[in-house]
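One structure is given below, encoded as C-alpha cells.
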Amino acid sequence: MQSAVEGGFTVDDFTVDEQAGTVTCPNGSTRPISATRVATFGVLCRTCPLRARCTKSKIGRKIVLHEHDAVLRTARRDWATNPALRERYMRHRPNVERVISQLASRGGRRLKLRYQGTANNHAWLKRSTAALNLRNLINRGLTRTAGTWALTTA
C-alpha cells in the first residue's frame with residue numbers, strides 16, 4: 001500500500017473499528033467514520049509528533065475507507081506474510097493474462113465488439129471463454145472415452 005509520505009504511514013497503520021465506527025491513527029487519536037466512510041483527522045494533526053511521517057496536507061490526514069475495507073486489509077496482510085500465496089499467484093498469473101489477451105485480440109489486433117447490446121456481447125464472451133477453456137483442458141490431457149470425460153493427472 002502506498003503512503004502519503006515516502007516511508008510514512010499507510011492506511012493499514014490506522015486501526016479501524018467498524019462496530020464503534022471509528023478510526024485510530026498511529027499516534028492514538030480517534031475520529032468517527034462519516035456516512036460516506038471518511039475519517040478526517042484535521043486539527044488533531046497540527047500538534048501531532050508523527051505528522052511528518054503521516055501527511056503533507058495543511059489540513060491534516062483524511063482516511064477514505066472502501067466499503068470492503070476489512071477484506072482488503074486482510075488480503076494485504078496475507079500477501080505480505082504468506083510467501084506461498086505470492087508464489088501461487090505468480091505461477092498462475094501468466095496463464096490468466098494470456099487467456100485475457102486471447103479473448104481481447106486476434107492476431108495481435110484488438111477486437112471490437114461485434115454485437116449491439118450487452119446481452120449479445122455477454123453471450124459471445126461466454127462462448128469464447130468456454131472454447132478457450134475446452135482447448136486448454138484438451139491440451140492438458142482431457143479425453144472422452146465411452147461417453148465420459150476424463151482428465152489425466154500426472
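Condition check for LEU142 on (1) surrounded by 11 or more Cβ atoms within 10 Å (Cβ to Cβ); (2) out of contact with any strand residue (DSSP E or B) (no Cβ under 6 Å at 6 or more places or on another chain): one failure, at (2).
Within the stretch 119-141, the set of residues being of a type in the set (D, E, K, R), in a helix (DSSP H, G or I) and farther than 12 Å from VAL99 by Cβ comprises LYS126, ARG127.
Residues in the stretch 68-92 that are assigned to a loop (DSSP other than H, G, I, E, B) and closer than 27 Å to ARG37 by Cβ: HIS68 only. Scanning the stretch 20-61 for residues being surrounded by 14 or more Cβ atoms within 10 Å (Cβ to Cβ) and part of a strand (DSSP E or B) gives a total of 8.
Read the figures in this text as sums done on the coordinates, not as results from a lab. Because the structure is a prediction, the values reported are computed rather than measured. In this analysis, Cβ positions are derived from the backbone assuming ideal geometry, glycine residues included, and neighbour counts consider all displayed protein chains.
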